[in-house]
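In what follows, a structure is listed as structure tokens, so that the remarks can point back to it.
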Amino acid sequence: MPEAIEPQLTKNALTVLERRYLKKDDQGQVVETPAEMFRRVAQNIASAELIYDPKAKARVAEKEEEFYQAMASLEFLPNSPTLMNAGRELQQLSACFVLPIEDSMVSIFETIKNTALIHQSGGGTGFSFSRLRPKGDRVRSTGGVASGPLSFMKVFNAATDAVKQGGTRRGANMAILSVDHPDILEFITAKEESDAFNNFNLSVAISEAFMEAVDRGADYDLINPRTGQTVGKLSARNVFNLIVETAWSSGEPGIVFLDRINKDNPTPKIGAIESTNPCGEQPLLPYESCNLGSINLAKMVCEKDGTPSIDYAKLERTINTAVRFLDNVIDVNRYPLPIIAEMTKANRKIGLGVMGFADMLIALGIPYDSEADLEIARNLMCFIRDKARFVSVELAKERGVLPNFQGSIYDVTDGLSLRNATITTIAPTGTLSIIANCSSGIEPLFALSYVRNILDNDHLLEVNPAFEKIAREEGFYSVSLMEAIADKGSIQDMAEIPSHVRRIFVTAHDVSPEWHVRMQAAFQKYTDNAVSKTVNFPHDATVEDVRRAYLLAYQEGCKGITIYRDRSRDKQVLTVKKKEATAVTRIVPRPRPTVTTGSTEKVSTGCGNLYVTVNSDDQGICEVFTQMGKAGGCAAAQAEAVARLISLALRSGVDPDSIVRQLKGIRCPSIAWREGSVILSCPDAVSKVLEKYSKNGDCDKQDTSLANTTVTVRNIAGECPECSSLIEYVDGCFVCRSCGYSKCG
């Protein structure tokens, strides 16, 4: 047995592990090393061997070591809940869940409760809202009218906001609505307001019949799900164009080709697939869960006679370990609900994927956007699928086929006797790839050089290690050049860098949307489930560019598509540029007039009642006062300080909306609810009041009710809201590679 290795981790990886994965004591102090974490997980997952052979203690020890070596070497990592929870009290190890929503209040609110339990345990959830009757439809029990799917989505969104996953991250949801639902137009445009449904990714479920109608320029039927009756018609082409236009402006909705997904449904007799997990790569039946894991392809490269090549022997060994690991997870998992345990164990779906693909290509000297790259992608994923299926067949011989084998797509003459209904998935690996120090999933590199903001307002230049190595070896490295790259975000027009280096080191925005889609399709061809991939567009891309990408995804056999046009999601720029140095200009605030006019509003916060006064002079809003509790208290002092600084900024000419954006969404441990709106903190409360008054600048004629305010939690100017480092948009989520912050939706 080889000697146990010690994990070699970067500073960023250690930061992420300490914040989100390692055990902490009651005081919040880390009491576990990364090696101990990997050992804890390996020991727990290996214990599943005893279920099939109670006397197999030697095998348990052998598999524990095998699992530990795979993780500690960073060659394979399971999904985050497994790393966080295996061998601990929670023991919830799955990343993905799909919950059904039937057309009744009982079902809707039972699902909200179950969603909260799943989010608390660290999982993400997907839903189809397609069964809910449309807005304005009859409600027989009350004689009233239905409020429609989007009204209930708002309730799910608010519930998600209030539950922090396992104390480590906020929940993520997928909402899917069928294209033939009568409320489809409202769903498509639901995220036109950037503050709306901030805990959801949205996708439209599209059928083959709809796509054929788009091609013909024909109308299609809208179906009331309560009655099954046709209630209207829409132009398929117009609806498709609306999807495209909205995705161009906000990045959503995505598209899910549901007929195509159900064509590959391995257990059709158990039910139809209606939804996926939050990032779209895992189609699941209602109440199914799935545990995922990824092989680090950056570790699967070797040299033969001085030429780099894929180490297929090592890759096969890693596949063997990973499939058994993931199958074991199903048995030692503690599921949030008994019905989820039943469904998961009956189908035993696992999702083995990859990360570090861009790093592998760089090591092989192959451009990301090339025919050679697509050929590697297809061959590589075919190899992974075939070897993983072989392991599943061997596990079936040892432990039995999946309980729902009878009637499955494998239950045919000369079919595969598999242990697992699905085996391969290309999942997002935002945080895992930080731990493994590799590129995310099958995405290109996000940046070659960028500036990381640190706490003392200084800047730290970070350079991709492979790029820095080749820059030094070929003699063109300099700090000034690396800073210039951080400014530009691309090296493609930098003549001082050799052309062969520029061809290999392409970033996400150097790759055309067509190549993003073709890459997704190449991996999809040999993937059981689906592929999480972001199709990046430059800011100046047209609506027609997005339309072509959506059509290409359909033509190329993808199961869905998610796009992101640079700077479309946030009001300020997502960029790799560092802040430009500017001359210091001292601004003197205008004097406060003797008389001002305004209003005072009482807001309930988690720290008590906060009274917010907003006053105006003849130039507009000029000051804010706050009062909370008795003078001299900590909360009162901080509230007063916030108000003084706001007033100073207002009289210095700062736009009130800019102040609102800085304050809105700030959280404290104690939140409060007011008439359906959540108040996250005192600064958040001030922002909500100020926002209302800033819309028309008249403090005397404002509705003083906060009933219609909404929660906004968003990133600021491309910086991580937790550590201010560069934030990436990959795999449908915002991810910070410095501290591990992530947010989907």
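The values are calculated or read from the model by the stated rules, or taken from the named source; none is laboratory data. In this text, all values refer to a predicted model and were calculated from it rather than measured experimentally. Cβ sites come from the backbone with ideal geometry, for glycine too, and all protein chains shown count toward neighbours. Side chains included, ligands, DNA and RNA excluded: accessible areas come from the protein's heavy atoms. Shrake-Rupley method; radii C 1.70, N 1.55, O 1.52, S 1.80 Å.
Quick one: how many residues across region 383-398 are touching a residue at least 24 places away in the same chain (Cβ under 8 Å) and either among the hydrophobic types (A, V, I, L, M, F, W, C) or open to solvent by less than 30 Å² (accessible area, probe 1.4 Å) (or both)?
Of the residues in region 383-398, 7 are touching a residue at least 24 places away in the same chain (Cβ under 8 Å) and either among the hydrophobic types (A, V, I, L, M, F, W, C) or open to solvent by less than 30 Å² (accessible area, probe 1.4 Å) (or both).
Pairs needed: first member in region 260-281, at negative phi and open to solvent by 20 Å² or more (accessible area, probe 1.4 Å); second member anywhere, assigned to a loop (DSSP other than H, G, I, E, B) and among the charged types (D, E, K, R); C-beta distance under 6 Å; at least 6 residues apart or different chains.
Filtered contacts from region 260-281: R260/K559; C279/D731.
From (1) farther than 30 Å from H539 by Cβ; (2) crowded, with 17+ Cβ neighbours inside 10 Å, pick out the condition that doesn't hold for A175.
Failing condition for A175: (1).
Going through T597, T704, T710 one at a time, which residue ends up being modelled with pLDDT of 75 or more, open to solvent by 50 Å² or more (accessible area, probe 1.4 Å) and either of a type in the set (V, I, T) or at positive phi (or both)?
Values: T704 fails: modelled with pLDDT of 75 or more; T710 fails: modelled with pLDDT of 75 or more.
On inspection, the qualifying residue turns out to be T597.
Of the conditions (1) more than 29 Å from C290 (Cα to Cα); (2) under 21 Å from the mean Cα position of the chain (by Cα); (3) buried (at least 23 other Cβ atoms within 10 Å of the Cβ), F505 clears all except one; give me its number.
Against the list (1) more than 29 Å from C290 (Cα to Cα); (2) under 21 Å from the mean Cα position of the chain (by Cα); (3) buried (at least 23 other Cβ atoms within 10 Å of the Cβ), F505 comes up short only on (2).
Could you list all residues from region 353-372 that are surrounded by fewer than 23 Cβ atoms within 10 Å (Cβ to Cβ) and of a type in the set (D, E)?
Selection gives D369, E371.
Go through region 221-233 and report how many residues are without any contact (Cβ under 8 Å) to a residue 24 or more places away in the chain, open to solvent by less than 80 Å² (accessible area, probe 1.4 Å) and not β-branched (V, I, T). Step through it out loud before you land on a result.
Initial filter on region 221-233 (without any contact (Cβ under 8 Å) to a residue 24 or more places away in the chain): 227-230, 233.
Imposing the further condition that a residue be open to solvent by less than 80 Å² (accessible area, probe 1.4 Å) reduces the set to 227-228, 230.
Then keep just the ones that are not β-branched (V, I, T); that gives 228.
Here the count works out to 1.
Among the numbered conditions (1) outside any helix (DSSP H, G or I); (2) in contact with a helix residue (DSSP H, G or I) (Cβ under 8 Å, 6 or more places away or on another chain), tell me where E89 comes up short.
(2)
Name the residue, out of N320, N241, that is part of a helix (DSSP H, G or I), within 29 Å of V543 (Cβ to Cβ), open to solvent by 30 Å² or more (accessible area, probe 1.4 Å) and polar (S, T, N, Q). Spell out the reasoning first.
Working: N320 fails: within 29 Å of V543 (Cβ to Cβ).
Result of the check over N320, N241: N241.
Kindly evaluate S94 against the criterion of being of a type in the set (S, T, Y), surrounded by 15 or more Cβ atoms within 10 Å (Cβ to Cβ), under 30 Å from M153 (Cβ atoms) and more than 22 Å from the chain's Cα centre (by Cα). Spell out how you get there, then give the answer.
Details: of a type in the set (S, T, Y): yes; surrounded by 15 or more Cβ atoms within 10 Å (Cβ to Cβ): yes; under 30 Å from M153 (Cβ atoms): yes; more than 22 Å from the chain's Cα centre (by Cα): no.
So S94 fails the test.
Does N85 fit the bill of being closer than 22 Å to I350 by Cα and open to solvent by less than 30 Å² (accessible area, probe 1.4 Å)?
Details: closer than 22 Å to I350 by Cα: yes; open to solvent by less than 30 Å² (accessible area, probe 1.4 Å): yes.
Considered against the rule, which asks whether it is closer than 22 Å to I350 by Cα and open to solvent by less than 30 Å² (accessible area, probe 1.4 Å), N85 comes out as yes.
Since N157 meets every condition but one in (1) crowded, with 16+ Cβ neighbours inside 10 Å; (2) at pLDDT 95 or above, which condition does it not meet?
Failed condition: (2).
What number of residues in region 48-68 are touching a residue at least 40 places away in the same chain (Cβ under 8 Å) and farther than 17 Å from V329 by Cβ?
First, the residues of region 48-68 that are touching a residue at least 40 places away in the same chain (Cβ under 8 Å): 48-49, 51-52, 62-63, 65-68.
Of the ones still in play, those that are also farther than 17 Å from V329 by Cβ are 62, 65.
Count: 2.
Among the residues of region 360-388, write down those that are under 15 Å from K525 (Cα atoms), in contact with a helix residue (DSSP H, G or I) (Cβ under 9 Å, 6 or more places away or on another chain) and among the basic types (K, R).
R378
Count, please, the residues in region 141-154 that happen to be of a type outside the set (A, V, I, L, M, F, W, C) and either modelled with pLDDT of 95 or more or under 26 Å from A172 (Cα atoms) (or both). First the steps, then the outcome.
Of region 141-154, the ones of a type outside the set (A, V, I, L, M, F, W, C) are 141-144, 147-149, 151, 154.
Next cut, either modelled with pLDDT of 95 or more or under 26 Å from A172 (Cα atoms) (or both) only: 147-149, 151, 154.
Residues flagged as of a type outside the set (A, V, I, L, M, F, W, C) and either modelled with pLDDT of 95 or more or under 26 Å from A172 (Cα atoms) (or both) within region 141-154 amount to 5.
Checking A196 against (1) among the aliphatic types (A, V, I, L, M); (2) part of a helix (DSSP H, G or I); (3) closer than 30 Å to K664 by Cα; (4) open to solvent by 10 Å² or more (accessible area, probe 1.4 Å), which test does it fail?
So the condition that A196 fails would be (2).
Name the pairs: first residue in region 12-29 and closer than 18 Å to N79 by Cα, second residue among the aliphatic types (A, V, I, L, M) and surrounded by fewer than 18 Cβ atoms within 10 Å (Cβ to Cβ), Cβ to Cβ under 7 Å, at least 6 apart or on different chains?
That search, which allows pairs on different chains as well, returns E18/V30; L22/V30; K23/V31.
Tally the residues that are touching a His at 6+ places or on another chain (Cβ under 9 Å) and at negative phi, restricting the search to region 562-571. Walk me through it before giving the result.
Filtering region 562-571 down to residues touching a His at 6+ places or on another chain (Cβ under 9 Å) leaves 563, 565-568.
Pick out the ones that are also at negative phi and you get 563, 565-566, 568.
The number of residues fulfilling the criteria is 4.
Given the condition under 22 Å from S499 (Cβ atoms), assigned to a helix (DSSP H, G or I) and either open to solvent by 10 Å² or more (accessible area, probe 1.4 Å) or out of contact with any helix residue (DSSP H, G or I) (no Cβ under 6 Å at 6 or more places or on another chain) (or both), answer yes or no: does some residue in region 341-352 qualify?
In the first step, residues of region 341-352 are kept if they are under 22 Å from S499 (Cβ atoms); the result is none.
Looking through region 341-352, none of the residues is under 22 Å from S499 (Cβ atoms), assigned to a helix (DSSP H, G or I) and either open to solvent by 10 Å² or more (accessible area, probe 1.4 Å) or out of contact with any helix residue (DSSP H, G or I) (no Cβ under 6 Å at 6 or more places or on another chain) (or both).
Return yes or no: is L364 modelled with pLDDT of 95 or more, on the phi < 0 side of the Ramachandran plot, within 30 Å of the chain's Cα centre (by Cα) and of a type outside the set (D, E, K, R)?
On the way: modelled with pLDDT of 95 or more: yes; on the phi < 0 side of the Ramachandran plot: yes; within 30 Å of the chain's Cα centre (by Cα): yes; of a type outside the set (D, E, K, R): yes.
Taking the combined requirement at face value, the residue satisfies it.
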